[in-house]
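Below is one structure, written out as structure tokens; the observations come after it.
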Amino acid sequence: MVSEHIRVVVAGAGFAALRDHLGLALPGVVTQAVEADILRRNGSEASVLIPTMSRIDAEIMDRVAGLRLIQQWGAGLEGVDLTAAAERGISVANVPSAGTGNAASVAEWCIMAAIALSRRLPELEENIRQGGLWGGPIGRGLTGRTAGILGLGGIGQAVAVRLKPFGMRLIGLSRRPNAIVADQLGLEWIGGEGDLAEFLGQSEYLFLCVPLRPSTQGMIGAREVALLPLGACIVNAARGGLIDAEALIDGLGSGHLWGAALDVFTIEPLDTRSALLNTRGLIATPHIAGVTDVSYRDIARRVADNILRLHSNSPLENRVV
């Protein structure tokens, strides 16, 4: 069996289910999890490297003997030095969210987060655990409120589909506004990059569904938070670097924001001493929006297929380098 001769190194000990699902999709594959700093220091030997959320630069590439493919477990490649990979003849590929279980899983997390914020779930849990008065604190419904979906790729579209049954008014913002897609999703308004202020001014629930790139780094700062309606909520399962953390903390602390739910952070894992974790109105989860049995089965199948393609010298799917 060809997979018995394939070695894969995963940069980071987190996302343990990744290794289990890859083993099921590619029986016999040898998979090793190594933290990025240890990999940088001690090196390894493998033909395939899965970055997870680790920064993969030229130094790490040079420390993995026999490396031929950097295969992301998902879509995001902002942590991979694509130029360095190209210079070394190392292929880079990903698994786009659109059309996979990953988009659906992330969208489900977004809906869960919006409901949990609206119904003040952390406060309710605290109240009942401390023996507080029953019947409070009061939450609020989603019906009739405006959901602003920033980014209408696979995940943004999946969020829109799942929000519609809640009776929310849906609006969107996209780099390439498409009236046909907007109509299919039931959006009442769609804008382009120059319409950010108008978009934010209507978004009582802001869902961030865009990739991290230079143009989106820190795109939600103090000015943008102030543009949101009083009592707005922010839901982010995309990338932590999209939001200025201090602006978010200030918005929650001042009461301008009702709440925020974050599954991603600028630096991961998040420092347990982070001020974010002591901010009232914030729900934080450890980058698990897309971590479900459904998404991992699909991603594992596609990653396994590309690994087999690599070793049979066949064209790779979703190759970017």
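Laboratory data are not the source of any read-out in this text; all were calculated from the coordinates shown. What you are looking at is a predicted structure, and each value in this text was computed from that prediction instead of being measured. Using ideal geometry, Cβ is built from the backbone for each residue, glycine included, and neighbour counts are taken over all protein chains shown.
Select one label from (i) 5, 18, 23, 20, 19, 11, 3, 0, 0; (ii) 6, 25, 31, 22, 13, 3, 0; (iii) 7, 29, 39, 21, 4, 0, 0: the one whose number is P(r) over Cα pairs in 10 Å bins from 0, in percent as derived from the coordinates shown. Here the calculated entry is (ii).
Net charge of the neighbourhood of Ser105, taken over other residues with C-beta under 13 Å away and scored Lys/Arg +1, Asp/Glu -1, is -2.
Provide the net charge surrounding Ser203, with neighbours chosen by a C-beta distance below 13 Å and charges set as Lys +1, Arg +1, Asp -1, Glu -1. Once all neighbours under 13 Å are counted, the net charge is -3. The Cβ shell under 10 Å around Val48 holds other residues with a net charge of +2, Lys and Arg each +1, Asp and Glu each -1. Helix 16-25 and the longest principal axis of the Cα set of the chain meet at an angle near 50°. Here the relative contact order of the range 101-284, from alpha carbon pairs under 8 Å that lie six or more residues apart, stands at 19 percent. Pair-distance distribution of the range 101-284: all C-alpha pairs, bin width 10 Å, starting at 0; shares per bin in whole percent are 10, 39, 37, 12, 2, 0.
Once both labels are positioned 7 Å from their Cα atoms along Cα-to-Cβ, the gap between Asn313 and Ile38 label points is 3.6 nm. On C-alpha positions alone, give me the angle between the axis of helix 293-311 and the longest principal axis of the chain, in degrees, nearest 10. Taking Cα atoms only, the helix is inclined about 30 degrees.
Relative to the longest principal axis of the chain, what angle (0 to 90°, nearest 10) does the C-alpha long axis of helix 245-254 take? Compared with the principal axis, the helix lies near 20 degrees.
Each residue of the range 234-244 is assigned a 3J(HN,Hα), and the resulting list reads 10, 10, 10, 10, 8, 8, x, x, 6, 10, 6 Hz, derived from the Karplus form 6.51 cos²θ - 1.76 cosθ + 1.60 (θ = phi - 60°), x at Gly and Pro.
Near the amide H of Leu257, within less than 5 Å, lie the amide hydrogens of Gly231, Leu252, all on another chain or at least 5 residues away, with H placed in the peptide plane. Model label points for Ala284 and Glu123, set 7 angstrom from Cα along the Cα-to-Cβ axis, are 2.0 nm apart.
Across the range 1-112, the relative contact order, built from alpha-carbon pairs under 8 Å that are at least six residues apart, equals 22 percent. Normalised by residue number, the volume inside the convex hull of the Cα atoms of the range 147-209 is 67 Å³ per residue.
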